[in-house]
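Taking it in order: structure first as structure tokens, then the write-up.
The values are calculated or read from the model by the stated rules, or taken from the named source; none is laboratory data. Quantities reported herein were computed from a predicted structural model and do not represent experimental measurements. Because the Cβ atoms are built from the backbone with ideal geometry, glycine has one as well, and the counts that use them run over all protein chains shown.
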Ligand code: GUN
Ligand code: ZN
């Protein structure tokens, strides 16, 4: 089940505000979806995700198939009960993850043969297998199995001919995914994935043929695959707004805060990216006034929180009052710097909470701006703030 209700559209861009109803709840869009590959958003308890305003999180078919496997998942009746997250879940199909295995896999028309990175077992992933696993996971949004067309292979750019072959196979896998999904009588929603590499003509063809198949939602894949930034922005400006107006649009694996705000302007409703969580673990923190590296010695004695305007648990503590509103309840940059120096596990826990809160709050501000008819002003302020520097 999926219901997508458009609430407002922005006259200055392709941005839209919508409410998307899924089996486990309503998602207000535009939305950022934290990544929980192995059935956990690394280092964050589900209650903290709720406190931060997370509405829907990701899981990964491929990883959860390796471990814990289908039998355990079946015994729990799906991923929600297993990971104790009772709001919506989207699972990626495994296409991107299997593709990332590189030399360890062989892609054929039938599917992907590969050796398990966990124990070396010979395994086979096909559109049908992916649908079966995602049905066991009971994810609210299921992704078709696709082939993520690379930007280059061993230094050679993907040619249009190669990108076409790859895109056409993804279309055949879209059909097979759809047929298996129907056969399984899944109560959830299946998304098709637009491919076509960096070729806008191929993107249009992929899009048109997926739209004929009438999916309840569409994703744009094959971006953030090593291409120069301008190319990604070019695809972002080209493709999303051509998708059906009354269905959700999901840009896979993107991106920086700037990419998200631009993506919304380009007509995207849903985003996921490992950047907030992964960067938090590496000590790169996002703030309203630009990015910050907590490892830097300049933070050693700084009493300020990471972001003086942030109300997350790391910056504002239990009171939830931001530093610049008089709150003094949060953790200082000096303390986070110290935790990092000592390799303490609380360090990445707090920085992950902050970075995720930053992304989730950014999208909350985007939704508020759209509701108020102030999106153009919001974008200008966002750019000025981010350029200011911490
Ligand atoms: N995650 C990021 N890009 C992609 C893609 O092209 N396909 C899939 N399935 N997942 C992705
Ligand atoms: Zn914070």
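Worth pointing out:
- Some residue of the range 250-269 being at negative phi, within 14 Å of ligand 2 (Cβ to nearest atom) and buried (at least 24 other Cβ atoms within 10 Å of the Cβ): no
- Scanning the range 95-113 for residues that are assigned to a helix (DSSP H, G or I) and either out of contact with any strand residue (DSSP E or B) (no Cβ under 8 Å at 6 or more places or on another chain) or not assigned by the TED database to the domain that holds residue 171 (or both), we see that the one that is farthest from ligand 2 (Cβ to nearest atom) is 103.
- Subset tally (residues that are more than 23 Å from residue 36 (Cα to Cα) and either surrounded by fewer than 18 Cβ atoms within 10 Å (Cβ to Cβ) or not assigned by the TED database to the domain that holds residue 306 (or both)) for the range 344-385: 13
- Residue, nearest to residue 346 (Cα to Cα), within the range 314-325, restricted to residues that are within 11 Å of ligand 2 (Cβ to nearest atom) and in a helix (DSSP H, G or I): 314
- Condition met for residue 311 (within 12 Å of ligand 2 (Cβ to nearest atom), part of a helix (DSSP H, G or I) and either crowded, with 23+ Cβ neighbours inside 10 Å or at negative phi (or both)): no
- Residue in the range 38-58 that is surrounded by 17 or more Cβ atoms within 10 Å (Cβ to Cβ) and in a strand (DSSP E or B) present: yes
- Within the option set 333, 328, being within 16 Å of ligand 2 (Cβ to nearest atom), in contact with a helix residue (DSSP H, G or I) (Cβ under 7 Å, 6 or more places away or on another chain) and over 23 Å from residue 17 (Cα atoms) holds for one residue only, 333.
- The set of residues from the range 135-157 being part of a loop (DSSP other than H, G, I, E, B) and within 16 Å of ligand 1 (Cβ to nearest atom) comprises 139, 144, 145, 146, 147, 148, 149, 150, 151.
- When residue 220 is tested against the conditions (1) surrounded by fewer than 20 Cβ atoms within 10 Å (Cβ to Cβ); (2) touching a helix residue (DSSP H, G or I) at 6+ places or on another chain (Cβ under 9 Å); (3) closer than 19 Å to residue 4 by Cα, the lone failure is (1).
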